[in-house]
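Student: Next up is a structure, given as structure tokens.
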């Protein structure tokens, strides 16, 4: 069979599949960010810390209460989403009338505080969280061995992303939300409780981040810094996809995961940088992002 | 009228001047009496400032971090500095594993804050930067955390002591052991910075010298999170041993993900070339069991190490010490003894004493600082216990072999250090 730049095609397919898996984390996280920014105009820098909280709460549920992975998938987004709602009610909602940057500064500060608190309590080396027994093992795909758990991650994130897109674009609730961002006064005049809608949406976005955290807990080290490294990449994904576009965020997440996967094969040293190079190019050529709409 | 007014002012001024002079003479007398009263005994009061510089918030913060500061304080206490007329202050800072941050901190400490010696500094790239600055400012650098063997090789300095371990010792400990048990083809997963490159280079030499082959290497960004792609490449290479030339969270993540991809089940072994006690603690014995590693210190080696480690744990949240933290204690203790012996804190004099006097403490036993700055002591080959073999928290290692000091470190003439004639 032919070889592409010295890499046999089987190895390449394997790497592409792994890239897709990474991309599903990017997609899930950037979905949450895009929902929060696109609909609420808040630049939520706490997203990485909330992803980390999701993983930690899943670990805490297992370690302190004996509650396993499958229940955690449902409970953790709700718990962390509630903390997000508290944050939003107490602090973030006071900044809506101000410039974006204040929200950015506040959420960035919150992220540092949350990370610092967890680091103080748990140290940096991380906690052990094992893959649930139903998902242990590998599938022999011929060109690679794919762990069952990673397959589950792709499936789960595609389902959640499509579900969220459907709710926002095709249902009445989503219509209210989209209308409320365009013209909150008018929507309020129709009797819809706009502040509550906004709060619940923020909580939902945070819940998405926490869900990504639970999905990540068995395969990545559950440590306080896990969100910090990821969030910068996710912001780049959202910027490339277009800050207001939800479908854009999801597609870009998967796409960039693939590109990163390819870079890891051909030039691994550059794999941490390639997404930012692409972001720089996209911003030069199409500042609103690939799927973004200029206001 | 004017003249008399002028005269009066003049007289007044002269009188004031006279009073002022009398006051000044009085003050002078008072100060000299005070100085005589405060005059110290024959050994003039030396004050020494030690800066513990390491990663306090990132990948390497558990294996060094605050624990190193605790260890330094214990060294000052055990040395009984106060009774010997040496006043010791300890300061600490976070270099965030970045050479530029470390350089700025080192310069500020040496220039503006009167720090005499910097200790610890994990992350080889930062250590190499601080090494240069210490030589430039003629201070002293006691390396415990960093690994690159270049610190006593081509980057060696008359102001630096490399205390605890280095990439050569790790390569010849773990690398040699793996090759001898049949691992004759290797693939490296390397952290893409100074330390990873040094470890990969030193281990490749060992493998090739023992008749093995290096099939390839992949360099991952430091720090990394997802190693699945690189592990897949390692799996595809078919090498018998996958050498992890990285440390801290990178190593633990790679090991976790390797077990997920069934790498060890497929017949390949993982060689963790640099593993710390805190990594095994984070991985858990279920995942880490069977790993072979080389370290310079373990809390459970003998009664003396156990006693010291118990004191350390009480001051550090119940966590047992890693070899890096033990090395900070040992090197600071030896430094203070050298200051006492030299009678001053002049860098050249103290360094000469440190190399002249053999070192002796509860943690490393007997050791010696060589011409190139390398501290030689016994190293140990450990294997991680299985969950059944362990009797409790932190009971993780069993000793496989002791590598005596003469064989543990690179021979003096092979490093390319300009100080060695």
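The numbers here are math on the coordinates, done by the rules we state, and not lab data. What you are looking at is a predicted structure, and each value in this text was computed from that prediction instead of being measured. Quick reminder, even Gly has a Cβ in these numbers, built from the backbone with ideal geometry, and neighbours come from all protein chains shown.
Student: Residue B:306 versus residue B:366, label points 7 Å from Cα toward the beta carbon: distance in nm?
Tutor: 2.4 nm
Student: Moving on to the next point. Ranked by Cβ crowding within 10 angstrom, fewest neighbours first, how are A:192, A:92, A:36 ordered?
Tutor: Details: A:192 15, A:92 23, A:36 29.
Lowest to highest Cβ neighbour count: A:192, A:92, A:36.
Student: If R₀ is 56 angstrom, what is the calculated FRET efficiency for the pair residue A:169 and residue B:393, using the beta carbon separation as r and rounding to 0.05?
Tutor: Numbers: r = 52 Å, r/R0 = 0.93.
The value I calculate is 0.60.
Student: Expressed as a rounded percentage, what relative contact order does the range A:124-174 have, with Cα pairs under 8 Å and six or more residues apart? Provide the component values of the computation, followed by the final result.
Tutor: Working: 22 pairs, mean separation 10.0, N = 51.
Reported relative contact order: 20 percent.
Student: Still on this structure: Compute the acute angle (0 to 90°) between the alpha-carbon long axis of helix B:2-38 and the principal axis of greatest extent of the alpha-carbon atoms of chain B; round to the nearest 10°.
Tutor: Between the helix axis and the principal axis of chain B, the angle is about 40 degrees.
Student: Nearest 0.05, what FRET efficiency do residue B:421 and residue B:181 give at R0 = 51 Å with Cβ-Cβ as r?
Tutor: Numbers: r = 39 Å, r/R0 = 0.77.
Calculated value: 0.85.
Student: Here's a follow-up. FRET efficiency for residue B:413 and residue B:210, Cβ-Cβ distance as r, R0 = 30 Å, nearest 0.05? Write down the numbers at each step before the final one.
Tutor: Values: r = 21 Å, r/R0 = 0.70.
Rounded to the nearest 0.05, the efficiency is 0.90.
Student: To the nearest Å, what is the center-to-center distance of the range A:5-77 and the range B:368-411, using C-alpha atoms only?
Tutor: Cα centroid to Cα centroid, the span is 39 Å.
Student: Kindly put A:63, B:55, B:361 in sequence by how many other C-beta atoms sit within 10 Å of each C-beta, fewest to most. Write down the numbers at each step before the final one.
Tutor: Values: A:63 13, B:55 27, B:361 20.
Starting with the residue having the fewest Cβ neighbours, the order is A:63, B:361, B:55.
Student: Can you list the residues of the range A:16-43 with backbone N under 12 Å from a point 7 Å past the Cα of residue A:96, pointing along Cα to Cβ?
Tutor: Counting only backbone N, you get A:40-42.
Student: Relative contact order, percent, of chain B when contacts are C-alpha pairs under 8 Å separated by at least 6 residues?
Tutor: On the way: 792 pairs, mean separation 68.7, N = 421.
Once normalised by length, the contact order is 16 percent.
Student: If you don't mind, there's one more thing I want to ask. Tell me the label-point distance for the pair residue B:84, residue A:259, using the 7 Å Cα-to-Cβ offset, in nm and rounded to one decimal.
Tutor: Each label point is offset 7 Å from its Cα along the Cβ direction, giving 6.0 nm.
Student: Here is a further query. Using only Cα atoms and rounding to the nearest 10 degrees, what angle (0 to 90) does helix B:124-137 make with the longest principal axis of chain B?
Tutor: Long axis of B:124-137 versus the principal axis of chain B: about 30 degrees.
Student: Using Cα atoms only, what is the angle between the long axis of helix B:99-112 and the major principal axis of chain B, expressed in degrees (0 to 90) to the nearest 10?
Tutor: On a 0 to 90 degree scale, this one is about 20.
Student: By how many nm would the segment from residue A:155 to residue A:285 grow when fully extended, if each residue of separation counts as 0.36 nm and the alpha-carbon distance is taken off?
Tutor: Values: separation 130, 0.36 × 130 = 46.80 nm, distance 3.32 nm.
Length gained, residue A:155 through residue A:285: 43.5 nm.
Student: In deg cm²/dmol, rounded to 500, what helix-only [θ] at 222 nm does chain B give when every DSSP H run of at least 4 residues adds -39500 (n - 2.57) and the total is split over its residues? Working shown, then result.
Tutor: Values: 15 runs with 185 residues, N = 421.
So the calculated ellipticity at 222 nm is -13500 deg cm²/dmol.
Student: Sorted from fewest to most neighbouring beta carbons within 10 Å, what does the list B:74, A:52, A:91 look like?
Tutor: On the way: B:74 21, A:52 28, A:91 14.
If I rank by nearby Cβ atoms, fewest first, I get A:91, B:74, A:52.
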